[in-house]
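Participant: After the structure tokens below, expect a handful of questions from me.
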Amino acid sequence: MFLVVGANGQLGSELKLLLKDKAVFVDKDDLDITDENAVLDFAKKDNWQAIINCAAYTAVDKAENDFELAQKINAKGPENLAKTGIPLVQISTDYVFDGTACKPYVETDATNPQSVYGKTKLEGEQAVLKYADTAVIIRTAWLYSTFGNNFVKTMRRLGAERNQLSVVFDQAGTPTYAKDLAQAIVDILPQIKPHSKEVYHFSNEGVCSWYDFATAIMKYSDLDCEVLPIESKDYPTPAKRPNYSVLNKAKIKRDFNLKINHWTVSLKDCVEKLENGF
């Protein structure tokens, strides 16, 4: 039996569809991962094959003024889960990088987070590598789904309300369909090697800017809304985003024999599900 923590978010909701009765799904109301004793007690309730930690403080801008809570959830939580000794799949982020690269980041590239969110997620990675017996850390980026709140849903809503939108074009990365990441995790679970601790990168294939992403969302949603490209300086945010955070996925594809969809293919699938009420 697997334990999925943070089960009501985008990724957790996708995992529910795939793992079904093979897992127990808990959220913060069921288990406070920032409480070490509560985590250790919960760990004893079953002979868990692995824990998948989807829980995170993901309000990137809000985190700039909420360091303590972000650190508890993003760093202390994973540390507590790691200390159970149960194999752990920890989800991390492209925000651990500063975004100054000009080629896709590999797992061994130097980290240099520029935001509280990125810093606390990196602390979570470091805690897992320190305390876990067996762990797979997966950095991902630009996550969206038919579930929860995300860029795809926001663009579709605004695109239906307005004739024109402005979106930044000078931040490049790759969208990740949570359904694809969930499937990758399910494929990885039986292949995890005991007593190994590895960091991996996963997103969909390809590269785009947020402007390109928004333009594609309008196109696939058949929305007559013009998307205008603007610079990041014209859309200031409390948290600094990486200007370039494309992730190299060669390692995860090689080690687990994964095939990954291009971001446009997955976006079409998501939009189709949203159109049909999935």
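Participant: What are the residues in the stretch 215-249 that are surrounded by 12 or more Cβ atoms within 10 Å (Cβ to Cβ) and in a helix (DSSP H, G or I), if any?
Facilitator: Thr215, Ala216, Ile217, Met218, Lys219, Tyr220, Ser232
Participant: Follow-up. List, please: which pairs have Cβ atoms under 7 Å, are six or more places apart or on different chains, and start with a residue in the stretch 146-166 that is more than 23 Å from Leu15 (Cα to Cα) and end with one that is open to solvent by 70 Å² or more (accessible area, probe 1.4 Å) and not in a helix (DSSP H, G or I)?
Facilitator: Hits for this filter: Asn163/Glu226; Gln164/Glu226.
Participant: I would also like to ask the following. Have a look at Tyr244, Tyr200 and point out the one that is farther than 30 Å from Gln49 by Cβ and not charged (D, E, K, R).
Facilitator: Numbers: Tyr200 fails: farther than 30 Å from Gln49 by Cβ.
That would be Tyr244, the only listed residue that is farther than 30 Å from Gln49 by Cβ and not charged (D, E, K, R).
Participant: Check Ser196 against each of (1) open to solvent by 20 Å² or more (accessible area, probe 1.4 Å); (2) among the hydroxyl-bearing types (Ser, Thr, Tyr); (3) in contact with a helix residue (DSSP H, G or I) (Cβ under 9 Å, 6 or more places away or on another chain) and name the one condition it does not meet.
Facilitator: (3)
Participant: Is it the case that the stretch 88-96 has a residue that's out of contact with any Leu (no Cβ under 9 Å at 6 or more places or on another chain), among the aliphatic types (A, V, I, L, M) and closer than 19 Å to Lys240 by Cβ? Can you show your working first?
Facilitator: The initial filter retains those residues of the stretch 88-96 that are out of contact with any Leu (no Cβ under 9 Å at 6 or more places or on another chain), namely none.
Checking the stretch 88-96: not a single residue is out of contact with any Leu (no Cβ under 9 Å at 6 or more places or on another chain), among the aliphatic types (A, V, I, L, M) and closer than 19 Å to Lys240 by Cβ.
Participant: Can you name the condition, by its number, that Lys22 falls short on among (1) open to solvent by less than 10 Å² (accessible area, probe 1.4 Å); (2) in contact with a strand residue (DSSP E or B) (Cβ under 7 Å, 6 or more places away or on another chain)?
Facilitator: That leaves (1) as the condition not met.
Participant: Right, something else. If you scan the stretch 200-214, which residues turn out to be within 17 Å of Ile260 (Cβ to Cβ) and either in contact with a Phe, Trp or Tyr (Cβ under 6 Å, 6 or more places away or on another chain) or in a strand (DSSP E or B) (or both)?
Facilitator: Tyr200, His201, Asn204, Glu205, Gly206, Cys208
Participant: Look through the stretch 55-73, keep the residues that are open to solvent by less than 30 Å² (accessible area, probe 1.4 Å) and either part of a loop (DSSP other than H, G, I, E, B) or modelled with pLDDT under 95 (or both), and return whichever of them is nearest to Gly12 (Cα to Cα).
Facilitator: Checking each candidate, the answer is Ala55.
Participant: Also: State which residue is surrounded by the fewest Cβ atoms within 10 Å (Cβ to Cβ) when the search covers only the stretch 43-54 and only residues that are free of Cβ contacts under 8 Å to residues at least 60 places away in the same chain and of a type in the set (S, T, N, Q). Lay out the reasoning, then the answer.
Facilitator: Keep residues of the stretch 43-54 that are free of Cβ contacts under 8 Å to residues at least 60 places away in the same chain, which gives 43-48, 51, 53-54.
The next check asks that each one be of a type in the set (S, T, N, Q); those that pass are 47, 53.
Working: Asn47: 7, Asn53: 26.
Among those that are free of Cβ contacts under 8 Å to residues at least 60 places away in the same chain and of a type in the set (S, T, N, Q), it is Asn47.
Participant: Can you give me the ranges of the helices (runs of 4 or more DSSP H) entirely in the stretch 74-177 with at least 3 residues that are among the charged types (D, E, K, R) and open to solvent by 50 Å² or more (accessible area, probe 1.4 Å)?
Facilitator: Details: elements: 77-82, 116-131, 151-161.
The qualifying helices (runs of 4 or more DSSP H) are 116-131, 151-161.
Participant: Just to be sure I understand the filter: pairs with C-beta atoms under 8 Å, separated by 6 or more residues or on different chains, first member in the stretch 251-264 and over 9 Å from Ser203 (Cα atoms), second member hydrophobic (A, V, I, L, M, F, W, C) and surrounded by fewer than 18 Cβ atoms within 10 Å (Cβ to Cβ). Which pairs pass?
Facilitator: Hits for this filter: Lys251/Val106; Ile252/Leu258.
The values are calculated or read from the model by the stated rules, or taken from the named source; none is laboratory data. Keep in mind the model is a prediction, meaning the values are calculated, not measured. Please note: Cβ atoms are built from the backbone with ideal geometry, for glycine as well, and neighbour counts cover all protein chains shown. Accessible surface is based on the protein model in full, side chains and every heavy atom, while ligands, DNA and RNA are left aside. Shrake-Rupley method; radii C 1.70, N 1.55, O 1.52, S 1.80 Å.
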